[in-house]
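Peer 1: To start, I am sharing the structure in question, which I have written as structure tokens.
The numbers here are math on the coordinates, done by the rules we state, and not lab data. None of these values were measured; they are calculated from a predicted model. When we count neighbours, we look across all protein chains shown, and the Cβ atoms used for this are built from the backbone with ideal geometry, even at glycine.
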Amino acid sequence: MMRINLRPTIGSLLLGAALAAVGCSGGEAVSTTPPAGGGRGGGQGPAVPVTAAEAQQKSVPLDVTAIGTVIAASTVAVRAQITGELMTVNFKEGDEVEQGQVMFTLDKRPFEAALAQADAQLQKDVAQLANAKAQSARYQDLLQRGIATREQVDQMTTQAAALEGTVAADRANIQSAKVQLDYATIEAPISGRTGLLQVHKGNLVRANDTAPIVSINRITPVYVTFAVPESMLPQFKKYMAEGTIRVEARAPNDTAAPSVGKIDFIDIAVDTTSGTIKVKGTFPNTDRRLTPGQFVNVNVTLTTDANATVVPTAAVQSGQQGTFVYVIKADKTVELRPVTIARTHGDDSIIGTGVKAGETIVTDGQLRLVPGSRVSIKS
């Protein structure tokens, strides 16, 4: 059997392909070894462009933000205590009223007549009482002279005592009639701002009706309630024990300076469904900017760290070993530095350990860096 040797032929083909490749590349050999450096250690290769910032030491407040609700210091629903026609309304809706100010008057004529009737009944019974006392004294004298009997004397004495009770009841009726007459004039029970008027002049109001005539909100001061995580409870208690805790509140669309108050109450129990606890702040609200029922942005300043080391939060990266930053050294190479973050404030992170004030930190471009990479700082 004839055998064909293919090895020389295959070798010739491979050699020809290699020569063809050299010819196509202009006669230069192609290297498959990756270049050294290139931002991958040793400071070799082109510098990686990054942005940087200097770690600073400054005063940073420890604050808590939340959404709060404004509550009136007190709210009173004004109702009539007698039934009658509403004769006058002495304020406008939304007006500020003072405690004791006359707000409404009802028709007084029925109550004035009742008072006059009670007074007349008292005068009648007082006259009868005087006569009964005279009769009792007369019969006492007749008894001593043997003309009247003991039964007659007891009868006169009982009649006088009964009329004394009647006179006392008449005087009580007069006091009741005076009270009813006073109820015909409705005064403001507290100082505050009036709400929507529910009953207008000429309508009949009924005693202790379900719907109030008007409501009054006391808005100087007002309260703002909000919830904070239960983990913040020890800090709130600590700083409340040390002094006053400042709290600020501002409506979402309000561009003016926030209203300032103080924390004066922490609820006695944690809400188990949300893991939060309610806190209440009191605001003088002399400018009437806060309105009951309003939602506001709340900021509580617990304390201030006077010498905190701060870096931009954008500089802090997370890895398998925890958080770290890239520190730019004097030779423009970077060092990976593990750090601990105490807390954040706005766009800044407060460094616990790992970085000192004055060191330069990479804030953008970290994805192209490894320890030892050479960098150039973009302006």
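Peer 1: Length gain on complete extension for the stretch residue 182 to residue 282, per 0.36 nm per residue less the alpha carbon to alpha carbon distance? Present the calculation step by step, with values, prior to reporting the outcome.
Peer 2: Values: separation 100, 0.36 × 100 = 36.00 nm, distance 3.60 nm.
Residue separation times 0.36 nm, minus the Cα-Cα distance, leaves 32.4 nm.
Peer 1: What's the magnitude of the charge dipole for the stretch 80-205 around its Cα centre, counting Lys and Arg as +1 and Asp and Glu as -1 at the beta-carbon? Answer in Debye, nearest 20.
Peer 2: Dipole about the Cα centre, nearest 20: 420 debye.
Peer 1: What distance in nm separates the two pseudo spin-label positions at residue 128 and residue 91, each 7 Å out from Cα along the beta-carbon direction?
Peer 2: Rounded to a tenth, the inter-label distance reads 4.6 nm.
Peer 1: Also, I was wondering about something else. Determine the dipole magnitude for the chain: charges of +1 sit on the beta-carbon of Lys and Arg, -1 on that of Asp and Glu, nothing else is charged, the reference point is the Cα centre, and the result goes in debye to the nearest 20.
Peer 2: 1340 debye
Peer 1: Helix 7-24 sits at what angle to the longest principal axis of the chain, using alpha carbons and giving 0 to 90 degrees rounded to 10?
Peer 2: Result, in degrees: 70.
Peer 1: Also, I was wondering about something else. Quick query: amide H of residue 81 versus all other amide H atoms, modeled in the peptide plane; which residues come in under 5 Å with a sequence gap of 5 or more or a different chain?
Peer 2: Under 5 Å from the amide H of residue 81: 208.
Peer 1: Name the trypsin sites (Lys or Arg not before Pro) in the stretch 65-142 that are in a loop by DSSP and that have at most 13 other C-beta atoms within 10 Å, would you?
Peer 2: Here the trypsin sites (Lys or Arg not before Pro) that fit, given the DSSP loop and packing criteria, are 92.
Peer 1: A further question on this structure: What are the extents of the Cα atoms of the stretch 80-205 along their three principal axes, listed from largest to smallest and rounded to whole Å?
Peer 2: Dimensions of the stretch 80-205 along the principal axes of its Cα atoms: 80, 26, 15 Å.
Peer 1: Give, in nm to one decimal, the length gained when the segment between residue 201 and residue 238 is fully stretched (0.36 nm per residue of separation minus the Cα-Cα distance). Could the numbers behind the result be given before it?
Peer 2: On the way: separation 37, 0.36 × 37 = 13.32 nm, distance 5.54 nm.
Value of the extension gain: 7.8 nm.
Peer 1: How large is the helix-only mean residue ellipticity at 222 nm for the chain, computed as the sum of -39500 (n - 2.57) over DSSP H runs with n ≥ 4, divided by its residue count, in deg cm²/dmol to the nearest 500?
Peer 2: Taking each H run of at least 4 residues, the total per residue is -9000 deg cm²/dmol.
Peer 1: Just list whichever of 124/178; 332/356; 58/278; 58/238 have alpha carbons separated by over 29 Å in the model shown.
Peer 2: Going by Cα-Cα distance, 58/278 fall outside the 29 Å limit.
Peer 1: Subtracting the Cα-Cα distance from 0.36 nm times the residue separation, let me have the gained length for residue 343 to residue 318 in nm, one decimal.
Peer 2: Values: separation 25, 0.36 × 25 = 9.00 nm, distance 1.50 nm.
So the chain would gain 7.5 nm between residue 343 and residue 318.
Peer 1: Principal axes first, then extents: for the Cα atoms of the chain, list largest minus smallest coordinate on each axis, whole Å, largest first.
Peer 2: Principal extents (Cα only, largest first): 177, 53, 53 Å.
Peer 1: Let me ask another. What does the net charge come to around residue 174 if you take all other residues with beta carbon closer than 12 Å to its beta carbon, with K and R at +1 and D and E at -1?
Peer 2: -1
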